[in-house]
Amino acid sequence: MQTPRRLERTLLERLARQVGLAVVGCTTADAFPQARQTALERLQQGLMGTLPWYHTARVLRGTDPQVLLPGARSLIAVAVSYWWPQEPAPRPLTGRVARYAWGLDYHKALKERLRTLMHLLEAQVGPFRWKVYVDDGPLLEREVARRAGVGWFGKNTNILTPIGSWVFLGEALTDLEVTPDPPLKKTCGQCQACMPACPTGALIAPYVLDSRRCIAYLTIEHRGPIPRHLRPLIGDWVFGCDICQEVCPVNRKAQPTTLPELEPRAPHQRVDLLEVLSLTEEGFQERFRGTSIRRATRVGLQRNACVVLGNLGDPAAVPALTRALREGEPLVRGHAAWALGRIGTFEALSALHSALSTEPDPWVGEEIRMALHDATLPLSV
């Protein structure tokens, strides 16, 4: 049996710093049996929502590195900060965007740097087998980061690191032998700041997230109607949510990103909701090219925009919502109806009454009827 080649940690850390990877840890390529059991339990309990790509087979693959790269011996885990200290100034009729989407798409940015690191290592030690992941494969990246000593699980289910929790994680699976790091011994202690801060109560227990209630899941991954009882709790979040990280004490010492790709682009920090409602598919792709916001899809983002406009309650949004009620896809029309009912002006309720007689979709028709029923301002006013 061939003796595995070893990778010196000093070389790995030096080259990682050279390509801008702030935190590096290593662990073995052994399986993750406890993480597998936990993930399967969460899946069975329905806490993962309707994610089409999260299923039993994926969990089994993602907790056995040998399936992903036969003969693998080590996992290299990295973390980079995406935090930026300046907040965008609030503007009327705009929605908040989670910080991770303020810059360019992190998948591409971090994966390119991981690949560069692997190529630099090959130039030093010779060819070896490797595979890299950045939130784009079955590997349970947070569990890898925990075992590799990059960070520890917070009660909000995020990985908390010495540079904060505003981090992207990446992994390299390799057949090189690397001395593993021990997991960090830090914990959240008695702190539970994140749990009561969650508007929708998605953190149902320490370290347990019900994705079906999570604003990030609802506004990004969920493809259907947002449950009516959760819509008011979404507030002005049009894409993602940062609340459980904003209140986390670990982030008092958060370090700003050092990667130019992750620095914020102003148009992505707060999104013009009326513009979103007017976008064609081509316009949506062009407007959000190269960003993570595209993950929500045009129809999903327009649905979210309707919810936020309903929560803002500004009558200036009524003309745009009325057009969406007439011309949007059914998912958008239903949420536009809800928003018009929330705004409740004469013009808003008139638009709902007018649409009710011609709406062909049963679900949208029901949304219109409920919006009219719940409205506080009668049509005769």
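Quick look at the values:
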{"item": "Residue with peak Gaussian network fluctuation, the chain [Cα springs, cutoff 10 Å], from L121, L273, L262", "result": "L121"}
{"item": "Global geometry of segment 1-151, whether rounded, prolate or oblate, following the gyration tensor of its Cα atoms and the 1.5 cut on a/c", "result": "oblate"}
{"item": "GNM flexibility winner over the chain from A57, A305, A172 (Cα, springs under 10 Å)", "result": "A57"}
{"item": "Where the chain is the region considered: accessible area per residue in Å², 1.4 Å probe", "result": "45"}
{"item": "Pairwise FRET efficiency - E246 versus R295, Cβ, R0 = 30 Å, nearest 0.05", "result": "0.90"}
{"item": "Net lengthening on full extension, T116/R17 (0.36 nm per residue, minus Cα-Cα)", "result": "34.5 nm"}
{"item": "Length released on extending from S350 to R369, taking residue separation times 0.36 nm less the Cα-Cα span", "result": "5.6 nm"}
{"item": "Segment 48-150: trypsin sites (Lys or Arg not before Pro) in DSSP coil with no more than 15 other Cβ atoms inside 10 Å", "result": "R129"}
{"item": "DSSP bridge pairs, the chain: antiparallel proportion in percent, nearest 5", "result": "90"}
{"item": "Most positive-pole-ward Cα, V299, P249, P260, against dipole of segment 244-302 from beta carbon charges", "result": "P249"}
{"item": "Calculated FRET value between K131 and Y207, using beta carbons and R₀ = 41 Å, to 0.05", "result": "0.90"}
{"item": "Anisotropy class of segment 223-321 from Cα gyration tensor, a/c 1.5 cut", "result": "oblate"}
{"item": "Listed candidates [x] 48, 25, 18; [y] 37, 23, 20; [z] 44, 20, 19 - label of the one calculated as semi-axes √(5λ) of the Cα gyration tensor in Å", "result": "[z]"}
{"item": "Carbon/sulfur fraction of accessible area - segment 158-266, other protein chains in place, 1.4 Å, %", "result": "58"}
{"item": "DSSP loop chymotrypsin sites (Phe, Trp or Tyr not before Pro) with at most 15 other Cβ within 10 Å: longest gap in the chain", "result": "208-381"}
{"item": "Rounded percent of accessible protein surface that carbon and sulfur make up, segment 48-152, 1.4 Å probe", "result": "56"}
{"item": "Residue among R298, R333, R323 with the largest mean-square fluctuation in a Gaussian network model of the chain, springs linking Cα atoms under 10 Å", "result": "R323"}
{"item": "E263-R61 pseudo-label distance in nm [points 7 Å out on the Cα-to-Cβ vector]", "result": "3.8"}
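The values are calculated or read from the model by the stated rules, or taken from the named source; none is laboratory data. These numbers were taken from a predicted model, which means no experiment stands behind them. Don't worry about glycine lacking a Cβ; one is built from the backbone with ideal geometry, like all the others, and counts go over all protein chains shown. Protein only, heavy atoms only, side chains kept; ligands, DNA and RNA dropped before computing areas. Shrake-Rupley method; radii C 1.70, N 1.55, O 1.52, S 1.80 Å.
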